[in-house]
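**Q** Structure in structure tokens, see below.
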Amino acid sequence: GSEQLCKSETIKLRNKHIGQACQLFYRSDPLKIVRGQGQYMFDEEGTRYLDCINNVAHVGHCHPEVVRAGALQMATISTNNRFLHDELVQCAQTLTAKMPASLSVCFFVNSGSEANDLALRLARNYTKRRDVITLDHAYHGHLQSVMEISPYKFNQPGGEPKPDYVHVAPSPDSYAGQFTDKLYPGADLGALYAQPIAEICERQQAKGQDVAAFIAESLQSCGGQILPPPGYFKAAYDAVRAAGGVCIADEVQVGFGRVGTHYWAFETQDVVPDIVCVAKPMGNGHPVGAVVTTPEIAQAFHATGVAYFNTYGGNPVSCAIANAVMRVIEEEGLQENARRLGDYLLRQCNELKYEFDCIGDVRGAGLFVGIELVSDREARTPDTNGAHWVVNRMKQLHHVLVSSDGPNDNVIKLKPPMCFNEANADEFLLAFRECLACLCRDREVEAASVAVAPVMGMTNGVIATAAETLANKTKMFERQDRLIKSV
Ligand code: PMP
């Protein structure tokens, strides 16, 4: 096994040698995960957790086909892609076969950030322009170039200011955004949200500083599991293209069948991007990503005369793994599973709305689901503390891992491995229902949630020592026991 140190020793070494800025789930009582299998993760004591957050472990943690393909290739040859290799070209062939016909050329990279960085370079080189339109609350990665187009990061206190050549359009959130179904009943919200994009294009055109690209996650994830209103991307792409810009789809979170009805999430809006970025699920935990684009954009990049070389991008091991992942998605019918289970989860979560006022909105596509918690349903007041409390209780009491996100961090996010089954959905629903029952049950619980909230912060802070952690955990369980007894 991979466990060599006791948990307190791991925490001590992490505190000493790993930058405190590095994000850690459940910071004051972090999990030490030592093993994964399918949709489950196991801690050092052998406790099983149902994993509802790891969209990276797309076909399931440690899928034997993927492990075998990677191990075999690692034992055969791993070198850079300046040599011919069948896994590389076959990976490109399979990937592009899944895309619209115009997207036939690949560049392999190692992460989502690298993919988006390269996409920006391709777009800027093709258009000979620099300006980029991005969406509010978007996250496109941790590199300097993509941090600049990630309001999720630069809008945080302490974030670096937005550069002049970046323009932010509203997040197409029809529940809590600028244009909602409540404020504009019956209106074409897709058109309303696309309008600011057209306005940015016009404004920049008038200034003689045209837009190079529009980049958007096909479904915003950090932005709060957003499903754009119908017609949104069509109208947005039309405006950008009319102004001579190119359209980039960031499929890093949502690609490879997660949305159930389609292999790519952009297909749900019936658009064809000029550049698509993929990563995370592609390697099932192994770092691999790709930028897929048109021959014209790729040719313009080649015409610069500056060759592209990426030491690890597209190495035979990465490609063998990506090929195995795409094979398993087909063989195990995981896209269809995502559609079926996603429908079931959405239906069941929608039913919970009748029972619990603290659910403001339920939305999703396949195994990409968001449940927005509110303290006042009518006013749609975000319940950030409530969401934190639920995330923590789901882990501590029920051993179910979910996360929260969105502009107000009040959206419970589900994006489990695609092998998630009905029993898993029921396990989640039972636990979630218990949490909501507690959350909705007034004063006493509210007081407890305030007491529990600081214990489970997932943001920056100091990791408690193991002793403190244990004491906190014990106190929390005592509180939770009292709560359960009082139900
Ligand atoms: N784009 C999106 C939509 C993401 O969610 C992420 C990672 N959360 C990235 C890009 C960056 O990917 P990576 O962490 O692999 O660099």
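**Q** Residue by residue through the range 242-252, note down the ones that are without any contact (Cβ under 8 Å) to a residue 40 or more places away in the chain and in a strand (DSSP E or B).
**A** 247, 249
**Q** For the range 1-57, what are the residues that are closer than 20 Å to residue 390 by Cβ and of a type in the set (A, V, I, L, M)?
**A** Scanning the range 1-57 gives 24, 31, 41, 50, 53.
**Q** Identify all residues within the range 263-304 that are under 19 Å from the mean Cα position of the chain (by Cα), away from the ligand (no atom under 16 Å from the Cβ) and closer than 26 Å to residue 320 by Cβ; write none if there are none.
**A** Of everything in the range 263-304, just one residue is under 19 Å from the mean Cα position of the chain (by Cα), away from the ligand (no atom under 16 Å from the Cβ) and closer than 26 Å to residue 320 by Cβ, namely 263.
**Q** If you don't mind, another one. Any residue in the range 354-376 that is in a helix (DSSP H, G or I), assigned by TED's automatic domain parsing to the domain that holds residue 430 and more than 27 Å from residue 111 (Cβ to Cβ)?
**A** Yes, that holds for at least one residue.
**Q** Does the range 136-150 hold any residues that are free of Cβ contacts under 8 Å to residues at least 60 places away in the same chain, near the ligand (Cβ under 10 Å from one of its atoms) and within 16 Å of residue 213 (Cα to Cα), and which are they?
**A** Scanning the range 136-150 gives 146, 150.
**Q** Given the conditions (1) within 16 Å of the ligand (Cβ to nearest atom); (2) in a loop (DSSP other than H, G, I, E, B); (3) in contact with a helix residue (DSSP H, G or I) (Cβ under 6 Å, 6 or more places away or on another chain), and given that residue 255 satisfies all but one, which numbered condition is not satisfied?
**A** Among (1) within 16 Å of the ligand (Cβ to nearest atom); (2) in a loop (DSSP other than H, G, I, E, B); (3) in contact with a helix residue (DSSP H, G or I) (Cβ under 6 Å, 6 or more places away or on another chain), the lone unmet condition for residue 255 is (3).
**Q** Right, next: How about the range 118-135: which of its residues are in contact with a strand residue (DSSP E or B) (Cβ under 8 Å, 6 or more places away or on another chain) and either assigned to a helix (DSSP H, G or I) or within 14 Å of the ligand (Cβ to nearest atom) (or both)?
**A** Matches in the range 118-135: 118, 119, 120, 122, 123, 124, 126, 127, 134, 135.
**Q** Taking the options 187, 198, name whichever one is surrounded by 13 or more Cβ atoms within 10 Å (Cβ to Cβ), of a type in the set (A, V, I, L, M, F, W, C) and not in a helix (DSSP H, G or I).
**A** 187
**Q** Restrict the check to the range 203-218 and report whether at least one residue is farther than 14 Å from residue 240 by Cα, surrounded by 17 or more Cβ atoms within 10 Å (Cβ to Cβ) and within 16 Å of the ligand (Cβ to nearest atom).
**A** Yes, some residue in the range 203-218 is farther than 14 Å from residue 240 by Cα, surrounded by 17 or more Cβ atoms within 10 Å (Cβ to Cβ) and within 16 Å of the ligand (Cβ to nearest atom).
**Q** In the set 223, 231, which member is in contact with a helix residue (DSSP H, G or I) (Cβ under 8 Å, 6 or more places away or on another chain), modelled with pLDDT of 95 or more and more than 13 Å from the ligand (Cβ to nearest atom)?
**A** Selected residue: 231, the only one of 223, 231 that is in contact with a helix residue (DSSP H, G or I) (Cβ under 8 Å, 6 or more places away or on another chain), modelled with pLDDT of 95 or more and more than 13 Å from the ligand (Cβ to nearest atom).
**Q** Just checking, which of 271, 317, 292 is assigned to a helix (DSSP H, G or I) and either on the phi > 0 side of the Ramachandran plot or crowded, with 17+ Cβ neighbours inside 10 Å (or both)?
**A** The match here is 317.
The values are calculated or read from the model by the stated rules, or taken from the named source; none is laboratory data. Model, not experiment: these values are computed from the prediction. Quick reminder, even Gly has a Cβ in these numbers, built from the backbone with ideal geometry, and neighbours come from all protein chains shown.
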